[in-house]
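The values are calculated or read from the model by the stated rules, or taken from the named source; none is laboratory data. Just so you know, these numbers come straight off a predicted model, no measurement behind them. Every residue, glycine among them, receives a Cβ derived from its backbone with ideal geometry; neighbour counts consider all protein chains shown. For accessibility, only protein heavy atoms count, side chains too; no ligands or nucleic acids. Shrake-Rupley method; radii C 1.70, N 1.55, O 1.52, S 1.80 Å.
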Amino acid sequence: MDVRLTSEQSLLRDSAAKFVAAAGPKVARGFRGQSPGFAPARLREAGELGWLGILVPEANGGLGLGLTELALVLQQAGRGLVCEPIGLAAISAAALAQGPKLHPMLERAMSGAALIVPALQEGAHGDEPSAPRTRLARSQGSLRVTGRKMFVCAGGADGFLVSAMGPDGPVLCLVERDAPGCMLAATQTVDGRSLFTLDLADTPANLVSPHPGSRDAAETLHHLALIALSAELLGVMERAQEITFDYLRIRKQFGKLIGSFQALQHQAVNIYIRTEAVRSLVFQIAANNEPFGIDPALAIAVKAKASEDALVVTQTCIQLHGGIGFTDEHDIGLYLKRAMLLSSLFGNVAAQRRRYAAGMNLSA
Amino acid sequence: MATLPAHDMGSAANAFRAEVRTWLAKNWTPENQAAHRRKPFKERGWDAEFSKLMGRDGWIGVGWPRKFGGQGCSVTEQLAFVTEMANSGAPVQAHSTGESIVAQALFKHGTQEQQDEWLPAIRRGERSFALGYSEPEAGSDLAALRTRAVRDGDHWVVNGQKLWSTGGDKAEYIWLAVRTDPEAKKHAGISVLIVDLHSPGVTLRPSLALYGKTFSAQFYDNVRVPATNMVGAVNDGWKVITDALAAERVMIGGTRMAGIERAFDRLTEYLKTAVVGGKALRNDPVVRDRIGALAADIEIARQFQMRNSRLIEQGKVPLHEAAVGKVFASELQERLGQAALDILGTRGLLSEDAEGAPLGEMEQLLRHSIMGMIGGGTNEIQRNVIAQRGLDLPR
Amino acid sequence: MSDPGSEVAAGLTEAERDILRKSVRDFLASAWPPDESVENAGDAAATAALWRGMARQGLTALGSGGDGTGTREILLVFEELGRAACPAPLLGAVAANLVLSRQSSNAAQALRDDIHQGKAAIALALGAFDGDPAAGGIVLHGEIARGELRFVEGAGAATHLLAFTDAPVGVACIAAGAPGVNIRPTPGLAVPPFSNIVLDGVSAVRLNTARDTLEETAAVARLACAGRALGAAQRAFDLAVEHSKVRKQFGQLIGQFQAVQHKLADCLIGLDGARLALDSAAEARDAGNADWPVFASAAVAFAGPALRDVSIETHRALGAIGYAEEHEAPRHFRRVHADLVRFGGAPRARAELADYLLGPVQ
């Protein structure tokens, strides 16, 4: 399926593709195990192109675009295994701009001068975003947060959007990296990227006001993240599949192109079906939801579907490559590892399904 | 321990198992293990010194016939042995290819001189081998290999390229499949040579595999190999290769099964106490259903393995039965890895040594499973074997 | 077998089993030929004649022990019944033999003799021991039974109904024609159809039987049904393999297409896995291995989805030819699905394995 795009959307996609052309597996490989694991200059470049403010209203200096445009950019980022956290930065900037009062950090977040990332996850199994265990309290006239956030993409970050339970319910607040009581511990992951545990002990924070149409800024950001990660996963599986299909068209064994073997053709078709289904779902949901009013059930559904299918697709891609796919120097393995990382962030397929069932009152 | 009931392997195997454990307790001490774990992940599993220790005490070649200095153990005892070794995590890769593939071929196809030269050294853990089969144009279609060997006096002169040799960066020798007759039909013109990897003209290019361990490519540029290093007759190599492979499938499967069972036991053990969001994970109906399904699959994989050993003990060569076992176990390993990721959540991503990774081997298990589905003949090729040999479907 | 679970190393040798398999297969080939099995299935007289024939073969005594046969042989015979798409009411007979062999009353011995001679045919209802929560159950007040039993097989040809009950624990034996017994066939995937049986104050003979015996008998019944599904799936698969060796499309035998080869290869993995695991569970019981229920759960948990897949892939290989009801394959499709979903099916078996490994849900 080709998503029907307006000419502006096509332009945006093309410029994202151009940006991504300078990324790709080779670059991603170079960032493995590095700190911060991406090029800050490239993040600023994405800021200059307006993408970090893609969801921010024009009146506030952003592009004022919607989820479709966000998805188009992140789909390209996924295709190119882009290491700069464009999606997380863009949704964080959107979160800073959602309230009636502009956040002082917004401008720097939009330009890429400062990197703000969400810090919402508290467990390995996905969370109920509106019930964080991290606490927000007022002491000596200022707001303080205490708690632990896990699996934060904190490499190179200057601040975090932390969900916390305040006296009147869940809130979202900004914590600066250098704030007292803010501690980060890195852990290496399969993707070669570090994830961080963020410990907050009575750390100063300031409140991010929610969108007038929503009651909980943290939940809004969580759902934005699910859409953003799904779009990126879509790009990962698309590109892995293209690489694989190209290989099926040139690799010969037993005197024939391996793409002519039925067993491989059928596996190829099966992953094609999965990728197309994810594409349809991502863009359907993007087209029919406002950034600050995403239907939770749809956000959960698309992340569940994309998380599951991206793993199946990228693994099948390796299988279709045979021995060469198993070498670390071949790019196809990088797509599997990226898919493993993105699938698990903010809850894997099992976590999403659990939450979906709970939301439908299906759980025991 | 949260584990399926074991099948009784018989008193001889049980006693043998106990003996292996006693030896391991003495020689694979917690200190040894800790030292081994301090090595980078890619270096683990291969330890020339430990291989020599095993050789010294007679633990290499337990399944070899007595006339070659082995213990003449039954298949069941050998399985008990590889299971114990795999469970212990002791490094056996430095000698395993020589002990299994190379020795098997030498028993059947080696000359007296070759047997005398190689077998005792392999048994002492002093010879390490990698396999030189795959090439850029010869993966599944191994018989399409092009690396050439041309006779020149007392030597063969080798030119060509090999890929994906596990341990190829660490081994001293390579068990090399070469083409000696380019005119013959594909399978007919192949021979096997033992090549010293330090010979002039050999260039190694080590690389990392998806599961974090090394393998290597090698380039052969006019490498001179003594003619006495050819195993089997000239142009008879296909038979040498397939005989050795068939004999070894079951032991390779045994190691794989032990890995699967160990990972599953650790997962269920973890689940007994894990709490998520204030709820015991073990009470989650989805988790329970998945664990039940995996347990059943593990039992089936054991059944396939036991069938293969029965066949060997009856003097038969499991062919399609071995393929059935391989396809099933490798795909089970993948399902187990996936299930672990789903159950463990983001923590399942963390590498083995990462802090807060209670079951850090899980993501590596998943990555390793892909090798199981590709290496030693892809599962697609295995399914061809099952269809054509097991069901007699037309080619 | 006089005491389920207590004897050691029941069962025949491999050579004896081969002879048994051949004799059962030959018998069924003449007594229940595939090309007549559809019309025969609806003919009560044909089923009765078949049952008498099975009695002459000694098959109606299966489960009684004494002849050296064990659980593996029960499994073997059920596999053959599945192959032949044969609806002989053997499930009831095996369960009755397992239970009655522990009973010394005259009534019990008389019923057992009638079963062995083919005069009596038993419909079995496991009630509270069924594993399917919708299977219903009965309550005994003295010698009077009340309740509703669902998914009962073989009620059409039955002379007696054997119903397990946990209130109180035991077995109720009821004459099928007794006043107050209301049997209604419930057509569906199973052929012949299951029945709903309503007992409205029916007089019953109560056989005191230990809970362990009832549970063990129910477990054997479950294994037997899985074995019957295996036989059916294997037979349909054999037909598909033969078909793929003779059927040509696009100028070649369809068995040459990788897509067909790989499907059939996967089927063989499923069939072999199910057979090895079922047989190993039965063997464990015959050897007095206390862990045999765990192996049985594993076998059923695997066989459920695997044999269903075999059944479906078989039809895909056969194409439209296998979709006609006059072909043998649809009967096997029905049998596989009907037998595998009973008694809680694979989900229950998976839950049992989880109970074993993780402990029960708290």
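Treating the range A:217-359 as a set of equal point scatterers at the Cα positions, no solvent, please give the Debye-formula log₁₀ I(q)/I(0) at q = 0.09, 0.11, 0.15, 0.20 Å⁻¹.
The Cα Debye sum returns log10 ratios of -0.31, -0.44, -0.72, -1.08.
Jot down the radius of gyration and Dmax of the range B:175-294, Cα atoms only, both in angstrom.
Answer for the range B:175-294, Rg first and Dmax second: 23.8, 71 Å.
How big, in percent, is the set of alpha carbon pairs in the range A:248-332 lying more than 21 Å apart?
Roughly 46 percent, once rounded to a whole number.
Based on C-alpha coordinates, I'd like the Rg and Dmax of the range B:239-390, in Å.
Values for the range B:239-390 (Cα only, Rg and Dmax): 17.3, 60 Å.
May I ask you to give the solvent-accessible area per residue for the protein assembly as shown, in square angstrom, as obtained with a 1.4 angstrom probe?
The answer is 38 Å² per residue.
Quick one, could you list the DSSP H helices from chain A stretching 30 Å or more along their long axis (Cα atoms) with average Kyte-Doolittle hydropathy of 0.5 or above?
A:217-250, A:296-321
Could you order C:TYR323, B:TYR270, C:TYR356 by accessible surface area, starting with the largest, using a probe radius of 1.4 Å?
C:TYR323, C:TYR356, B:TYR270
About its Cα centre, how strong a charge dipole does the protein assembly as shown have in debye, to the nearest 20, once Lys and Arg get +1 and Asp and Glu get -1 at the Cβ?
Here the size comes out at about 1040 debye.
Take every Cα-Cα distance within the range A:1-98, group them into 5 Å bins from 0 onward, and report for each bin the whole-number percent of pairs it holds.
3, 13, 24, 24, 18, 11, 6, 1
Return the average number of partner chain Cβ atoms within 10 angstrom of each residue Cβ along peptide A:257-265.
4
Running Debye on the range C:7-57 with equal point scatterers at the Cα sites and no solvent, what base-10 log of I(q)/I(0) appears at q = 0.20, 0.27 Å⁻¹?
Values returned for q = 0.20, 0.27 Å⁻¹ are -0.75, -1.01.
Over the Cα atoms of chain C, compute the convex hull volume and normalise it per residue, giving Å³.
Dividing the Cα hull volume of chain C by its residues yields 134 Å³.
Could you point to the residue in C:VAL191, C:GLY131, C:ALA296 farthest towards the positive end of chain C's charge dipole, with +1 and -1 charges on the Cβ of Lys/Arg and Asp/Glu respectively?
C:VAL191
Could you report the buried accessible area between B and C, both sides summed, computed with a 1.4 Å probe and given in Å² to the nearest 100?
Chain pair B/C: roughly 3400 Å² of buried accessible area.
Report the convex hull volume per residue for the range C:46-138, counting only C-alpha atoms, in Å³.
Convex hull of Cα atoms, per residue: 121 Å³.
Please report, as a whole percent, how much of the solvent-accessible surface of the protein assembly as shown comes from carbon and sulfur atoms (probe radius 1.4 Å).
Percent of accessible area from carbon and sulfur atoms in the protein assembly as shown: 53.
Can you work out ³J(HN,Hα) from phi for every residue in the range C:243-260, in order, using Karplus 6.51 cos²θ - 1.76 cosθ + 1.60 and θ = phi - 60°, giving whole Hz and x for Gly and Pro?
In residue order, the calculated couplings are 4, 6, 8, 10, 7, 10, 9, 6, x, 9, 4, 5, x, 7, 6, 4, 4, 6 Hz.
To the nearest Å, what is the center-to-center distance of the range B:65-81 and the range C:231-276, using C-alpha atoms only?
Going from one Cα centre to the other spans 38 Å.
Relative to the compact-globule scaling 2.2 N^0.38 Å, provide the ratio for the alpha-carbon radius of gyration of the range A:185-260.
Relative to the rule-of-thumb radius for its length, the range A:185-260 sits at 1.94.
Report the semi-axes of the equivalent ellipsoid for the range C:212-358 in whole Å, largest first, where each axis is √(5λ) for an eigenvalue λ of the Cα gyration tensor.
Ellipsoid semi-axes (Å, largest first): 33, 15, 12.
Roughly speaking, what is the centre-to-centre gap between the range C:19-62 and the range B:101-145 when only Cα atoms are used, to the nearest Å?
Comparing the Cα centres of the range C:19-62 and the range B:101-145, I get a distance of 57 Å.
What trypsin sites (Lys or Arg not before Pro) does the range C:156-228 have in DSSP loop regions with at most 12 other beta carbons within 10 Å?
none
Can you give the charge dipole size of the range A:1-160 about its Cα centre, rounded to the nearest 20 debye, using +1 on the beta carbon of Lys and Arg and -1 on the beta carbon of Asp and Glu?
With Lys and Arg at +1 and Asp and Glu at -1, about 580 debye.
Provide the solvent-accessible area of B:ARG256, counting protein heavy atoms only and rolling a 1.4 Å probe, rounded to the nearest 10 Å².
Approximately 50 Å² for this residue.
To the nearest whole number, what is the average tally of beta carbon atoms from other chains within 10 Å of the beta carbons of peptide B:276-285?
Going residue by residue through B:276-285 and averaging, the value is 5.
Please determine, in degrees from 0 to 90 and to the nearest 10, the orientation of helix C:71-83 with respect to the longest principal axis defined by the Cα atoms of chain C, where the helix direction is its Cα long axis.
Relative to chain C, helix C:71-83 is tipped by roughly 50 degrees.
Need one number: nm distance between label points at C:ALA287 and B:ALA233, each 7 Å from Cα along Cα→Cβ, rounded to one decimal.
So the label points at C:ALA287 and B:ALA233 sit 4.5 nm apart.
When only Cα pairs under 8 Å and 6 or more residues apart are kept, what is the percent relative contact order across chain A?
18
Which whole number of Å³ per residue matches the convex hull of the alpha-carbon atoms in the range C:122-209?
Cα convex hull per residue, to the nearest whole number: 77 Å³.
Using per-residue counts of other Cβ atoms within 10 Å, averaged over each peptide, order B:106-119, B:77-90 from highest down.
Put in order of decreasing packing, that is B:77-90, B:106-119.
If one takes the longest principal axis of the Cα atoms in chain C, at what angle in degrees, from 0 to 90 and to the nearest 10, does the Cα axis of helix C:44-56 lie?
Taking the Cα atoms of chain C, the angle to C:44-56 is about 80 degrees.
Add +1 for every Lys or Arg and -1 for every Asp or Glu among the other residues with Cβ under 12 Å from the Cβ of C:SER105, and state the total.
Summing Lys/Arg as +1 and Asp/Glu as -1 gives +3.
Amide H of C:THR186 versus every other amide H placed in the peptide plane: which residues, excluding those fewer than 5 positions away on the same chain, fall under 5 Å?
C:PHE194, C:SER195, C:ASN196
Using only the alpha carbon atoms of chain B, find the Kirkwood hydrodynamic radius as the inverse mean reciprocal pair distance, in angstroms to one decimal.
In chain B this quantity evaluates to 22.2 Å.
Give me the summed buried accessible area for the A-B pair, 1.4 Å probe, to the nearest 100 Å².
Chains A and B together bury approximately 3500 Å².
Based on the Cβ-Cβ distance of A:ASN206 and B:GLN33, what FRET efficiency does E = 1/(1 + (r/R0)^6) give at R0 = 60 Å, to the nearest 0.05?
0.75
Along its three principal axes, how long is the protein assembly as shown when you only count alpha carbons? Whole Å, largest extent first please.
94, 88, 65
For the range C:184-294, count the residues as N, evaluate 2.2 N^0.38 Å, and divide the Cα radius of gyration by that value, please.
Normalised by 2.2 N^0.38 Å, the Cα Rg of the range C:184-294 equals 1.60.
Which log10 I(q)/I(0) values, to two decimals, does the range B:11-123 give at q = 0.18 Å⁻¹ under the Debye formula with one point per Cα?
-0.93
Quick check: the distance between the Cα centres of the range A:172-196 and the range A:64-111, to the nearest angstrom?
19
I'd like to know how the range A:118-208 sits against the 2.2 N^0.38 Å rule of thumb: what's its Cα Rg over that expected value?
Dividing the Cα radius of gyration by 2.2 N^0.38 Å gives 1.03.
Lys and Arg at +1, Asp and Glu at -1: add these up for the other residues within a Cβ distance under 14 Å of B:ILE174 and post the number.
Around B:ILE174, the charge tally is 0.
Which three extents, in whole angstrom, do the alpha-carbon atoms of chain A cover along their principal axes, largest first?
78, 47, 39
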